[in-house]
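Below is one structure, written out as C-alpha cells; comments come after it.
The values are calculated or read from the model by the stated rules, or taken from the named source; none is laboratory data. Predicted model only: the values in this text are computed from it and were never measured. No Cβ is skipped: glycine too gets one built from the backbone with ideal geometry, and neighbour counts run over all protein chains shown. These area figures cover heavy atoms from the full protein model, side chains too; ligands, DNA and RNA do not enter into them. Shrake-Rupley method; radii C 1.70, N 1.55, O 1.52, S 1.80 Å.
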Amino acid sequence: MQNYAQDWDTLSDEYLKYLRFEKKLSQNSIDAYTHDLLLFRTFSESHGILRPPDVAPAHIEAFMADIYD
C-alpha cells in the first residue's frame, strides 16, 4: 500500500524549500504557507482526495470557497 501522506509531505517540503531558498521569503511567510498547505491537505483528505495528483481545479475552488465562507 502506498503511503499517501508521504506524497503530500514530499510535495509540501519541496515547495516550502523553493519558497525559502529560491524566492527568499521570510520565515513568517513560510509559516503562513505551511499553515495553508496543512489546511488544504486536511480539506482534500476529508473530501476523499488522498493523492496530490488527484487534485483538480474544482477542488481548489471548493477549498477557497470553504475557507472564505
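Structure above, values below:
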{"item": "Magnitude of the charge dipole, the chain, Cβ model with Lys/Arg +1 and Asp/Glu -1, debye to 20", "result": "280"}
{"item": "For region 11-51, size of Cβ-based charge dipole, Lys and Arg +1, Asp and Glu -1, in debye", "result": "120"}
{"item": "Share of carbon and sulfur in the accessible heavy-atom surface of the chain [1.4 Å probe, %]", "result": "55"}
{"item": "Highest to lowest packing among 59-68, 19-28, scored as the average C-beta count within 10 Å", "result": "59-68, 19-28"}
{"item": "Difference of contour (0.36 nm per residue) and Cα-Cα distance, V55 to I30", "result": "6.8 nm"}
{"item": "Scattering profile of the chain at q = 0.22, 0.26 Å⁻¹ [log10 I(q)/I(0), Debye over alpha-carbon scatterers]", "result": "-1.01, -1.18"}
{"item": "Estimated FRET transfer efficiency when R0 is 35 angstrom, pair S46-E22 (beta carbons, to 0.05)", "result": "0.65"}
{"item": "Charge sum, other residues only, whose C-beta stays under 13 Å from V55's C-beta, Lys/Arg counted +1 and Asp/Glu -1", "result": "-2"}
